[in-house]
1. Against the definition (part of a strand (DSSP E or B), at pLDDT 90 or above and under 21 Å from E85 (Cα atoms)), how does K56 come out, yes or no?
2. Take I32 and tell me if it is at pLDDT 95 or above and touching a Pro at 6+ places or on another chain (Cβ under 7 Å).
3. List the number of the failed condition for D81; all other conditions in (1) in a strand (DSSP E or B); (2) without any contact (Cβ under 8 Å) to a residue 24 or more places away in the chain hold.
4. Which pairs have Cβ atoms under 9 Å, sit 6 or more apart or on different chains, and link a residue in region 53-71 that is among the polar types (S, T, N, Q) to one that is outside any strand (DSSP E or B)?
Amino acid sequence: MCLGIPGRILEVLDEADLAKVDVSGVRRKVNIGLLEHERVLPGDWVLIHVGFALSKIDEDEAAATLVMLRGMGQAYTDELDALRESMIE
């Protein structure tokens, strides 16, 4: 199962359309090219799916989504495990 998971932007990278994000303790690069019409800054929350930031979300929405995802149990754990495999730090 693939889930859209909230991540917090840590750094917008000089590389084309990439940002470093933290997703529940996992740090990795994601493509922010789909958000080209929005200003993306460190501290912003984004909804991530298969390595792409799909939309900006506010902190309250991110928190509520994380609570719901954690409630899914193994599906959420599996998704985090897949993210860890691509961890950059």
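1. Details: part of a strand (DSSP E or B): yes; at pLDDT 90 or above: yes; under 21 Å from E85 (Cα atoms): no.
No: the conditions fail for K56.
2. Numbers: at pLDDT 95 or above: yes; touching a Pro at 6+ places or on another chain (Cβ under 7 Å): no.
So I32 fails the test.
3. Only one criterion in (1) in a strand (DSSP E or B); (2) without any contact (Cβ under 8 Å) to a residue 24 or more places away in the chain is unmet by D81, namely (1).
4. Pairs found: S55/G4; S55/L34; S55/L35; S55/E38; T65/G4.
The values are calculated or read from the model by the stated rules, or taken from the named source; none is laboratory data. Treat the numbers as computed from the prediction; the structure is a model and nothing was measured. Using ideal geometry, Cβ is built from the backbone for each residue, glycine included, and neighbour counts are taken over all protein chains shown.
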